[in-house]
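The values are calculated or read from the model by the stated rules, or taken from the named source; none is laboratory data. This structure is a prediction, so every number in the text was calculated from the model and none was measured. Quick reminder, even Gly has a Cβ in these numbers, built from the backbone with ideal geometry, and neighbours come from all protein chains shown. These area figures cover heavy atoms from the full protein model, side chains too; ligands, DNA and RNA do not enter into them. Shrake-Rupley method; radii C 1.70, N 1.55, O 1.52, S 1.80 Å.
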Amino acid sequence: MSNSMWGGRFAEGPDALLEAINASIDFDRRFYAQDIRGSKVHIAMLAATGIVAKEDAAAIFKGLNDILVEIESGNFTFSRALEDIHLNIESRLAELIGPVAGRLHTARSRNDQVATDFKMFVRDALDGIDVSLLALQHVLVEKAGEHARTVMPGFTHLQSAQPVILGHHLLAYVEMISRDRGRLADARKRLNECPLGAAALAGTSFPIDRYMTARGLGFDRPTANSIDSVSDRDFVLETLAFASICAGHLSRFAEEIVLWSTPQFGFARLSDRFSTGSSIMPQKRNPDAAELVRGKTGRVIGAFVALMTVMKGLPLAYSKDMQEDKEGLFDALDTLDLCVAAMTGMVQDMTFDEKAMRQAANSGYATATDLADWLVRVLGMPFREAHHVTGRIVAVAAEKALPLERLPLADMQAVEPRITDEVFGVLGVNKSVSSRNSYGGTSPRQVAGQISRWRKRLAKEAAALDNSATPDA
């Protein structure tokens, strides 16, 4: 038997295999709230413009509210034979109120309907993730405040490079997440145009008011081109691009947590809430939460690559290939939200071994650059020459297994006779970090200033989010 919602052209129903590959209700049922909201605003507009009688609109509006209650109470039966969330809701509406339900689909198509639902869903999801990212920034800033003078080794190539402040290192991720939130905000702003009213691809001959619909659904404006409205998913791609970059930042931090929590580093300890044991080795404390954040990043990036591959060869306007836009997006945003929450919990509970970090910062001749800078500043050497002289002094210190600040002055003067005992005023990790007082540097003074700046900024952003939390009209 043909699908009663679109079967006038067909004498037979679809093959079971076609039904299996064609149906999207198993995943697009997540749009139910957005679909019902879109339909309520659409029917209100049809009534306001005189396209549908007000009494018919009232019956449809009530029926949609009844369906919403059924779905949210678990009493709604979803049917794969009806393909998607749109037809499932419309079919149930017809059962509740009769043929008048058919007026709801006046002046719209499933093409503009699904694009509108999807945009509203993505918009809601981005708003939720933004709140989660703000919470992660907050715990990072507070943890940085606890360690605004804790010295640790800074790395390049995973080799000890220069001493830094742990708080400074943590604030690096606050900056990254801030840019992630900026990308999120940009994606949300660009998607906030309403496709409803574009119909299948060419618009409609009915005298609809698309501005009324857009306002009612919380969009800034209606989309300007009906073909573009139904045929592109760049708002999904941009969302997935943001999610991929953000997940990459979380993954990098997760990798550091994995390293820091090893006995070999011994810098950090995860709480029992975010660690697991071994089934055979009783001494083990495995950083599984961090490893899974690192591993799940591949799913997020994979969703972006998959949809880009789907979209790259599609002619305008809509093609059924675009049904593949949803499952990857759902999984990616669910995954990202989970990873952000896990990272927030890990950071909140994580403790640091300040002694081990300081000891590591003292190793590897991490203050060599301070010696080179002193040679430039005091002796007037060109930096390249100072670099060469410092390298020779480091070689002497390494041969004697001494840190630079304990190498006898005579050994330094054997390499460069003009060196005086004033050089010891810049050697040592505390002196090193304190000297890095350029804006954005790692000195305790700069770190304290950045912590203060971020606390004020995050408080302001949290207040702004609270003020905007009122649901759209």
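Taking the criterion of being surrounded by 16 or more Cβ atoms within 10 Å (Cβ to Cβ) and not acidic (D, E), the residues of the stretch 400-414 that qualify are P403, L404, L407, M412.
This table checks each residue for (1) farther than 23 Å from E324 by Cα; (2) at pLDDT below 95; (3) part of a helix (DSSP H, G or I).
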site	(1), (2), (3)
D28	no, yes, yes
Q34	no, no, yes
G38	no, no, yes
A47	yes, no, yes
I51	yes, no, no
D56	yes, no, yes
I60	yes, no, yes
G63	yes, no, yes
L68	yes, no, yes
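Is it true that some residue in the stretch 389-405 is closer than 18 Å to A148 by Cα, part of a loop (DSSP other than H, G, I, E, B), touching a residue at least 24 places away in the same chain (Cβ under 8 Å) and not basic (K, R)? No, that holds for no residue. Residues in the stretch 312-341 that are modelled with pLDDT of 95 or more and aliphatic (A, V, I, L, M): how many? Selection size over the stretch 312-341: 7.
Listed by position, the helices (runs of 4 or more DSSP H) enclosed by the stretch 195-303 that each have at least 2 residues that are modelled with pLDDT of 95 or more and within 27 Å of R181 (Cβ to Cβ) are 210-216, 234-260. A single member of T262, T213, T239 is open to solvent by 30 Å² or more (accessible area, probe 1.4 Å) and hydroxyl-bearing (S, T, Y), and it is T262. Under the condition of being small (G, A, S), touching a strand residue (DSSP E or B) at 6+ places or on another chain (Cβ under 9 Å) and in a helix (DSSP H, G or I), the residues counted in the stretch 361-378 number 2. How about the stretch 160-196: which of its residues are touching a Pro at 6+ places or on another chain (Cβ under 9 Å), closer than 28 Å to S363 by Cα and surrounded by fewer than 23 Cβ atoms within 10 Å (Cβ to Cβ)? Hits for the stretch 160-196 are S160, A161, Q162. Filtering the stretch 328-344 for residues that are within 30 Å of H249 (Cα to Cα), assigned to a loop (DSSP other than H, G, I, E, B), within 18 Å of the chain's Cα centre (by Cα) and in contact (Cβ under 8 Å) with a residue 40 or more places away in the chain leaves an empty set.
Within the stretch 302-360, can you find the residues that are farther than 23 Å from A247 by Cα, surrounded by 17 or more Cβ atoms within 10 Å (Cβ to Cβ), out of contact with any strand residue (DSSP E or B) (no Cβ under 7 Å at 6 or more places or on another chain) and hydrophobic (A, V, I, L, M, F, W, C)? Those that are farther than 23 Å from A247 by Cα, surrounded by 17 or more Cβ atoms within 10 Å (Cβ to Cβ), out of contact with any strand residue (DSSP E or B) (no Cβ under 7 Å at 6 or more places or on another chain) and hydrophobic (A, V, I, L, M, F, W, C): A317, M322.
Counting only residues that are part of a loop (DSSP other than H, G, I, E, B) and either in contact with a Leu (Cβ under 7 Å, 6 or more places away or on another chain) or crowded, with 19+ Cβ neighbours inside 10 Å (or both), the stretch 70-85 holds 2 of them.
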